[in-house]
Amino acid sequence: MKHWYLYVLRCNDDTLYAGVTTDIRRRLKVHNHSSRGAKYTKPRRPVNVVHWKLFKDRGSAQRAEYEFKQLTKEQKEKVVSPGMVIPGSLPRS
């Protein structure tokens, strides 16, 4: 069974970006080094993962992404603050 992740990036301009993926390490590399990175993150490089959460399927991850994106900046900061990701602690896919 393939697991899906909601991930939150902190951009160089201190904004937050959320997305879903099956491989956070690969997606982070794409965001930082590839032309296939999100249009939003390209001019805001480098980006770092500040929060991630595991889901059983894509739909659940996408619903969580939608809910996260509906939050205010202050609410988003509260979500990511306690869950700060330590470099090297990203899940292995």
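Just so you know, all these numbers are worked out from the coordinates, no wet-lab data involved. These numbers come from a predicted model, not from an experiment. So basically every Cβ, Gly included, is an ideal-geometry build from the backbone, and we count neighbours across all protein chains shown.
Between Thr72 and Asp13, the FRET efficiency from the beta-carbon distance, with R0 = 22 Å, is close to 0.80. Sorting the segments 5-12, 54-61, 68-75 by their mean number of nearby beta carbons within 10 angstrom, highest to lowest, gives 5-12, 54-61, 68-75. Considering the values (1) 13, 25, 14, 10, 11, 14, 12, 1; (2) 11, 28, 24, 13, 13, 9, 1, 0; (3) 17, 52, 30, 1, which represents P(r) over Cα pairs in 10 Å bins from 0, in percent as calculated for the structure under consideration? The value matching this structure is (3).
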